[in-house]
Amino acid sequence: MSSSSDIYSQACSFRTIQSDKNGFFREFYEEVKESCGEKWLKNYFGQFKSDQARILSIFNDREISDIVMGILENVQSVYKKKDATFSAQRRIQAEKSFLLGDYSKALILINQAILRAPEKGADKEIDGGLTLALALWQRSSILIEMGEGERALADLKLTTTFGLNTKQNPEFYIKMAKAYTLMGENARAKVSLGVAESFLAGNEIKIEKARNEIEQINPTLKKVQKPKVPSLTGGENSELKGASNLLTLAESPDKGRYIIAKDNLKTGDIVLTEEPIAACLLPNYYGTHCHHCLQRLITPIGCYKCSGVAFCSYDCMTEAFKTYHKYECQYTDLMIGSGMSILCYIVLRIFTQSKTIDDGLQLSNELITKLCTHNNLRQPEDFLARGLMAAFLLRCLQKSGYFGIRITEGVNPTSKEIQVATALLGLLQVVQYNVHEIYETILTNEHRFDGSKVVYIGAGLYRVGSYFNHECWPGVARYFCGKSIILACTHPVKSGDTVYENYGPVFTKMILKERQQNLKGRYLFQCNCDACRENWPTLQKLDKMVRFRCTTANCDNIIKFPKDINKDVRCTKCRKNISLKESVLTVIKAEELYRQAAKSMKEQDTEAAIDFFKEGIDLFYQVAVLPHKDTLIAQESLRSCYGDTANVSSVIAEANI
């Protein structure tokens, strides 16, 4: 009979395969499980020792193969197709809103027109096959009126790419001049206007009108900026790509591979800036964020073939389509309909973005070997569910042409496809314990910090990022610049000590029993950090009392706040009388720096707040230890400040799709 903790663990595990309760994959799994029976599952399938044996059984064993094959035979492309008629209608609606001066509404409508427009020449009966180019032309006008010169210029260039003849079109060069003027590039604006005037020779009325319109433009100098990845403190580690040279990798039987400080770390040190092995956007954000770089969309560009995803630029779109998206494109809605979790998308992406099948296999085997899978603790039901998901993902790859031209369209896998399915099954175990959620900070219109909230928009698998062990009050703040994960120290770390991350539960918000249940159920380990060993109270129940370090050299004893700071206290460990007066004054100074930092946050001066917090926290750790309420609040505020320097957006915009 399963215990409640086992049931909780199984539920947590299944959610890492299917996160949407309405998806059809659960029905697939339940049907296969019922067909094979409990006895076969436990006594036969459950006895396999390798993922390859499990995959071969799923495809070949008579107990389940017929039903598996029958279901997988029905896998077919399901995606939102292009629609020139819809696009043209939206363009007309956008033009009406534009003429009425409602530029925000016009932009939403024209974005929808662009995303649904087929590629150049695909539907010549509508707009002569130029639906996309005409929509981009219309959007450039809207963007100019909104002061977005750089974005308008990008759209104007794309109108040519997508078939609009602009070589002798004076309106094209007038728009170019307006865009350059908005950007403050007056010399280029003058050249563009000169070209337009040469085409308008003799038409003084139009020339004068264009000159007047350009003269009335006030440059906005708006720049299309993406968050800047900070520099690593101490330079990049030659052995751990993306990690600081101040870190090193350690290994032990009980901890596995984990990160320690090779040198002393200070508050604010940037110890990791790592690009993901693979990262995916949550389907809920396909209409608001770039499918490739995960940046929030302002002027989206669509895929060549489907209307289900969007990109922030032509560069992101072409990069995605020449690699992974050409295989995923026509199965987007099918995968969403399956209810498969974001982790499954990442597993698929590891293969679809690899240059060759063998490259994908090599990377997969490396990850399976080096990262935690807990395959020795998994139940037969878990292996069956993951094996069936691997079979489904393999079928999507087969149908999308990933393996090239196949002799038959049947489900039966080739030997190479069996290798891929086996790797997919192994990766589905890896991602359960090694993927990071990617966040974005949503700001209000009133203030950068008051009312802001963190939103989970995607997930990524990071090689070095996976090596950081958990603590219920971590030593680093995690934030993201696009897809890059950034870890910044939120307190000093001594050389040789472990550098801890956090897997979700923090002691300030969750009591010990809940944290332990959560970590045991989701990650299969019992935390033994200071907060757990000493059962620190939550922030709400924590008093403001301070505990000090003994001032005697090499003594690591912790001493309670003295009744009289002017009198010496006796250390119970080193047996020496010591004065804590300077320690108390240091904490008072640290608390004053926290107040200055809070004031800077109120004034929305993020950089100043970060500097004050760094100085104050370093001072506190010189003389005192956690838990200390003001320092905990300071560290959490420092995390918010770092988040404000990265993936940040104003209030959520309307979806484009």
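A few comments on the model shown:
- Residue (of V546, V625, V569) at the positive-pole extreme of segment 531-657, dipole from beta-carbon charges: V569
- Look at the alpha carbon pairs under 8 Å that are at least 6 residues apart: their mean separation over the length of segment 455-593 gives a relative contact order of 15 percent.
- Residues whose amide H lies under 5 Å from that of L247, counting only those 5 or more places away or on a different chain, are K262; hydrogens are built 1.01 Å from N in the peptide plane.
- Sparsely packed trypsin sites (Lys or Arg not before Pro) within segment 137-233, loop by DSSP, other Cβ within 10 Å at most 12: K167, K223, K228
- Whole-Hz ³J(HN,Hα) from phi, Karplus 6.51 cos²θ - 1.76 cosθ + 1.60, for segment 175-180, glycine and proline x: 5, 4, 4, 5, 5, 5
- Rounded, prolate or oblate (a/c below 1.5 giving rounded, otherwise prolate when a/b exceeds b/c) for segment 521-657 by Cα gyration tensor: oblate
- Counting only DSSP H runs of at least 4 residues, each contributing -39500 (n - 2.57), and dividing by the residue count of the chain, the helix-based mean residue ellipticity at 222 nm comes to -14500 deg cm²/dmol.
- Order of Y8, Y345 - criterion: other Cβ atoms within 10 Å of each residue's Cβ, fewest first: Y8, Y345
- For the chain, size of Cβ-based charge dipole, Lys and Arg +1, Asp and Glu -1, in debye: 880 debye
- The overall shape of the chain, judged from the alpha-carbon gyration tensor, is oblate: a/c is not under 1.5, and a/b is no greater than b/c.
- Over 30 Å between alpha carbons, listed pairs K39/K520; K81/K453; K178/K226; K266/K355; K541/K599; K21/K483: K81/K453; K266/K355
- Per-residue HN-Hα couplings for segment 310-320 [Karplus 6.51, -1.76, 1.60; θ = phi - 60°; Hz; x = Gly/Pro]: 9, 10, 7, 7, 5, 5, 5, 5, 5, 5, 5
- Under-5 Å amide H pairs with Q295, H placed in peptide plane, nonlocal only: C290
- Projecting the Cα atoms of P118, Q76, F480 onto the charge dipole of the chain (Cβ charges, centred on the Cα centre) puts F480 farthest toward the positive pole.
- Projecting the Cα atoms of I357, L580, Q52 onto the charge dipole of the chain (Cβ charges, centred on the Cα centre) puts L580 farthest toward the positive pole.
- Exposure proxy order (Cβ contacts within 10 Å, fewest to most) of R116, R595: R595, R116
- Trypsin sites (Lys or Arg not before Pro) lying in DSSP loop within segment 58-113, provided at most 10 other Cβ fall within 10 Å: R62
- Partner aspartates and glutamates for K513 [C-alpha distance under 18 Å; skip if fewer than 8 residues away on the same chain]: D6, E471, D530, E534
- Assuming charge only on the beta carbon of Lys and Arg (+1) and of Asp and Glu (-1), the dipole of segment 543-644 about its Cα centre is about 840 debye to the nearest 20.
- Placing +1 on each Lys and Arg Cβ and -1 on each Asp and Glu Cβ, with no other charges, gives segment 84-215 a dipole about its Cα centre of roughly 180 debye.
- Which of S77, S192, S650, S97 has the fewest Cβ neighbours within 10 Å, and the rest in rising order: S650, S77, S97, S192
- Within segment 582-624, the GluC sites (Glu not before Pro) that combine a DSSP coil assignment with at most 12 other C-beta atoms in a 10 angstrom radius are E603.
- The chain: relative contact order as a whole-number percent, Cα under 8 Å and 6+ apart: 16 percent
- Note, ³J(HN,Hα) from phi for segment 387-399, Karplus 6.51, -1.76, 1.60, rounded to Hz, x at Gly and Pro: x, 5, 5, 4, 5, 5, 5, 4, 5, 4, 5, 4, 5
Coordinate-derived values only; no laboratory data. Only a predicted model underlies this, so the values are computations on that prediction, with no experimental measurement involved. Reconstructed Cβ throughout: ideal geometry from the backbone, glycine too, with neighbour counts over all protein chains shown.
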